[in-house]
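For reference, the structure discussed in these notes is given below.
The values are calculated or read from the model by the stated rules, or taken from the named source; none is laboratory data. Note that the coordinates shown come from a computational prediction; the quantities given were computed from them, not determined experimentally. Cβ placement follows ideal geometry from the backbone for every residue including glycine, while neighbour counts extend to all protein chains displayed. What goes into the accessible areas is simple: the full protein's heavy atoms, side chains included, and nothing from ligands, DNA or RNA. Shrake-Rupley method; radii C 1.70, N 1.55, O 1.52, S 1.80 Å.
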Amino acid sequence: MIDMKNAAHRTCAALGSVRRGSFVITLGAFVLAVFAPSARAQWTVTSLHPGLPSIDSTAYAVGNGLQAGYVLLDQRYRASLWSGTAESRIDLHPPGAASSSIKAIAEGQQAGWVRVGEDTHASLWSGTPDSWVDLNPSGARYSEVLGISGGQQVGQAIFGSQRYASLWTGSAGSWINLSPPGETYAIAYAVSGGQQAGVVAVSGVLRASLWSGTAESWVNLNPAGAGQSVARAVCDGQQAGSAETINGFRASLWSGTAASWVDLSPPGSTQSQVYGCGSGHQVGFVNVGGAHHAGIWSGSADSWVDLHAFLPAGFFLSYALAVSSDQASLYVTGYGVGGGGLIEALLWTKPRCPADINADWLVNSADFFDFLAVFLSGNPVPAADFNHDTFINSQDLFDFLDAFFHGCS
């Protein structure tokens, strides 16, 4: 067995005083051909479920150190906000409301729905129950917000028997109908960077859809040959969801056109779905042995990681619904179903690996060459001070290679 730490030191010694040029590239290629990170950073799981008397909870959204969703208490769904633990829960349920839930969070706001009498109203909060804003368009018998970003909210509104994809900018009067002309069933699930993603029923068949603020901007993302499809997330110019093929429902990724479709379903899976995206990742579920397992991708089918594997014993189903990151960690929220059918809001957390120089949440050759580039540049770049001792010297290279070869535990 190779001693990775000694190998790292031997590699550094071989590098000697060479600072730039083809030798460094050749040596780097040789090192990467022989060695590779031996492990990935592991996920930890926190239950956000408050326990009895609640019998149901789900975390739909995550961002800026917060998680959001609902808790079922006293036969009422109550909009809830957490900051990493079950005990941190803040109840955003408006006074007098029948039920409520948060579906999305962004920039200090929370969005979802509130049941007012017999009607459900699209809703917006700013961290307290009293901050509740009713977004229900005039004349709508049902509405809800499903996504929020950049001061925009998206979702659906029902007028009579017609369901319209909807866009708001903070008030009921700002409502815009995104449904293409003549279509009477559409939902917008997510918004980011001025794009809205969702679904439109064209001649009764669901089509993954993309908008840029108007009904006329609608783009049909349904892949060639797919029976039906839906886009449930949008971020960084990409859309994610699922498409039905002859091999079943496939987790899917697009880059603005139907032709850009990428099948994210891992080999052997008969069913998969993406619900959320962010920080270069997509989250959802994959059918594993007949059970739905929460999972995360980073843009390709073979990048899938089974998040269900990190759950305690007793969970038989799980779903990942949203993902975000900060400089320290990657975060995923969703829920798991355990014994007796109890549904628990869950938070998965993965610390960033020190050797992840480019902060893409992977440790690979790109990190190796990125570190060499800053270290050999001769400039006092903070990233070159790997061990943070305020000096940039050979010890930083030793320590980086040691971290790179060992990976993360």
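Annotations
- Exposed loop sites here are trypsin sites (Lys or Arg not before Pro) assigned a DSSP state other than H, G, I, E or B and surrounded by at most 14 other beta carbons within 10 Å; excluding them, the longest clear run of the chain is 142-409.
- Within the accessible area of the range 252-294 (1.4 Å probe), percent carbon and sulfur: 57 percent
- Amide H partners (placed H, <5 Å) of Arg78, local residues excluded: Val71, Leu72, Leu73, Ser100
- In this structure Cys277 has an accessible area near 30 Å², from a 1.4 Å probe over the protein heavy atoms.
- Integer Hz, Karplus 6.51/-1.76/1.60 couplings in order for the range 157-169, x for Gly and Pro: 9, 10, 10, x, 9, 9, 10, 10, 4, 10, 9, 10, 10
- Nearest-20 debye value, the chain charge dipole, Cβ charges on Lys, Arg, Asp, Glu: 440 debye
- For Gly193, the shell of other residues with beta-carbons less than 14 Å away shows a net charge of -2, using +1 for Lys and Arg and -1 for Asp and Glu.
- Within the chain, antiparallel bridges make up roughly 95 percent of the DSSP beta bridges whose residues both belong there.
- Each residue, Thr44 and Arg76, gets one label point 7 Å from its Cα in the Cβ direction; the gap between the two is 3.5 nm.
- Positive-end residue, the range 316-409 charge dipole about Cα centroid, Cβ charges, pick of Gly339, Val374, His406: Gly339
- Charges were assigned to the Cβ only: +1 to each Lys and Arg, -1 to each Asp and Glu. The resulting dipole of the range 282-409 about its Cα centre is roughly 480 debye.
- Dipole of the range 156-308, positive direction: furthest Cα of Ala186, Gly225, Gln196, with charges on the beta-carbon: Ala186
- Distance from the range 322-370 to the range 276-320 (C-alpha centre basis), Å: 11 Å
- Relative contact order [Cα under 8 Å, 6+ residues apart], the range 186-309, whole percent: 16 percent
- Signed unit charges on C-beta, dipole axis of the chain, positive-most listed residue Thr44, Ile246, Ser80: Ile246
- The range 157-207 and the range 86-103: distance between their alpha carbon centers, rounded to Å: 26 Å
- Calculated accessible area for the range 271-310 comes out at 31 Å² per residue, all protein chains present (probe 1.4 Å; ligands, DNA, RNA ignored).
- Ser365 paired with Ser394, simple spin-label distance in nm, labels 7 Å along Cα-to-beta-carbon: 2.8 nm
- Qualifying chymotrypsin sites (Phe, Trp or Tyr not before Pro) for the range 326-409 [loop in DSSP, other Cβ within 10 Å: at most 14]: Phe391
- Using the rule -39500 (n - 2.57) for each DSSP H run of four or more residues, divided by the residues of the chain, the 222 nm mean residue ellipticity is -3500 deg cm²/dmol.
- Database remark: amide H of Gln228 closer than 5 angstrom to the amide H of Glu244 (H placed geometrically; neighbours at sequence offset of 5 or more, or on other chains; Pro and chain starts carry no H).
- In order along the range 207-220, the Karplus-derived 3J(HN,Hα) couplings, from 6.51 cos²θ - 1.76 cosθ + 1.60 at θ = phi - 60°, round to 10, 4, 9, 9, 10, 10, x, 9, 4, 6, 7, 4, 10, 7 Hz, and Gly and Pro are given as x.
- Per atom type, the range 316-398 shows carbon and sulfur on 62% of its accessible surface, probed at 1.4 Å.
- If the chain linking Phe159 and Ser131 were pulled fully straight, counting 0.36 nm for each residue of separation and taking away their Cα-Cα distance, it would gain 7.4 nm.
- Here the 3J(HN,Hα) profile of the range 298-314, calculated from phi with Karplus coefficients 6.51, -1.76 and 1.60 at θ = phi - 60°, is 10, x, 8, 4, 7, 8, 4, 10, 7, 6, 4, 5, 8, 6, x, 4, x Hz, Gly and Pro shown as x.
- Spin-label pair Asp326/Asp302, simplified geometry with 7 Å Cα→Cβ offset, distance in nm: 3.5 nm
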